[in-house]
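Structure record follows, encoded as structure tokens.
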Amino acid sequence: AQSVSQHNHHVILSEAASLELGCNYSYGGTVNLFWYVQYPGQHLQLLLKYFSGDPLVKGIKGFEAEFIKSKFSFNLRKPSVQWSDTAEYFCAVLNNAGNMLTFGGGTRLMVKP
Amino acid sequence: DTGVSQDPRHKITKRGQNVTFRCDPISEHNRLYWYRQTLGQGPEFLTYFQNEAQLEKSRLLSDRFSAERPKGSFSTLEIQRTEQGDSAMYLCASSPGGAGTDTQYFGPGTRLTVL
């Protein structure tokens, strides 16, 4: 069975600090990975995705993630966070059939101005 | 707005009542998914449609839960004889489908409160 772990449940940063959110997955098939973000009062939005190819994936709003197969990880990074990045971030893995996402428990990020 | 829409956005009901939620996917998206999200958790997959066919329903939480997509466009999720443990956010997503791996786009959700 596939699973996703996000070890940081709450992260508090000051503006301009660098961000790295951890995501580890457990899945035996072809790995397709996603990061979604949920801003306060809004719905889940796609930040970035990895299907194949370059393991360093760039997404919207300056976010990037690196797929490291040997570590079963897909950590999300941003060099300099802004107050507007305050949100909850979810990592997810897609099953081989392409019809089911398994999400981690989410990381709630608060950026202090 | 051409995103996934859900109705209602909030539903308060008494224990034992039936509730039905509607999801309208992005136009021309063949696949439609239902997820449930409880407080402090990530979304949990419930079921999936390819056009009008419900291809995966083993993850529905109990036989009180059912979903339909009769014409391959909008979908409904029904919960019969609601229980307090059914209180959660119910999310709908859609994706284009077709060959290859595609991306799911989520709606705003329906928040259910069972009193």
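The values are calculated or read from the model by the stated rules, or taken from the named source; none is laboratory data. Bear in mind that the values here come from a model prediction, so they are computed numbers and not experimental data. As a convention, Cβ positions derive from the backbone with ideal geometry for all residues, glycine included, and neighbour counts pool all protein chains shown. Quick note on the areas: whole protein, heavy atoms, side chains included, nothing else; ligands and nucleic acids left out. Shrake-Rupley method; radii C 1.70, N 1.55, O 1.52, S 1.80 Å.
Summary of computed values
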read-out: Loop sites in the stretch B:21-112: trypsin sites (Lys or Arg not before Pro), DSSP, at most 10 other Cβ within 10 Å; value: B:Lys71
read-out: For B:Asn30, residues with placed amide H under 5 Å, excluding near neighbours; value: B:Ser95, B:Gly97
read-out: 3J(HN,Hα) from dihedral phi, the stretch B:30-41, Karplus parametrisation 6.51/-1.76/1.60, rounded to Hz, x for glycine, proline; value: 7, 9, 9, 10, 10, 10, 10, 10, 9, 4, x, 10
read-out: Assigned charges on the beta-carbon of Lys, Arg, Asp, Glu; chain A dipole about Cα centre (debye); value: 60 debye
read-out: Distance from the stretch A:60-113 to the stretch B:24-96 (C-alpha centre basis), Å; value: 24 Å
read-out: The protein assembly as shown - accessible surface per residue (Å², probe 1.4 Å); value: 49 Å²
read-out: Per residue convex hull volume, Cα atoms of chain B, in Å³; value: 99 Å³
read-out: Loss of accessible area when A meets B, both sides summed, Å² nearest 100, probe 1.4 Å; value: 1500 Å²
read-out: Computed accessible area, B:Ser27, all protein chains, 1.4 angstrom probe, square angstrom; value: 90 Å²
read-out: Using distinct alpha-carbon pairs, which all enter the 1/r mean, Kirkwood radius of the stretch A:33-90 in Å; value: 12.0 Å
read-out: Equivalent-ellipsoid semi-axes of the protein assembly as shown, from the Cα gyration tensor, Å, largest first; value: 30, 21, 16
read-out: Rg/Rg_globular for the stretch A:16-64, with Rg_globular taken as 2.2 N^0.38 Å and Rg from C-alpha atoms; value: 1.29
read-out: Relative contact order for chain B, counting Cα pairs under 8 Å that sit 6 or more residues apart, in percent; value: 36 percent
read-out: Along each principal axis, Cα extent of chain A, largest first, Å; value: 42, 27, 22
read-out: Amide proton proximity set for B:Glu56, modelled H, under 5 Å, gap of 5+; value: B:Tyr48
read-out: R0 of 22 Å, Cβ-Cβ distance B:Arg64-A:Ser26: FRET efficiency to nearest 0.05; value: 0.15
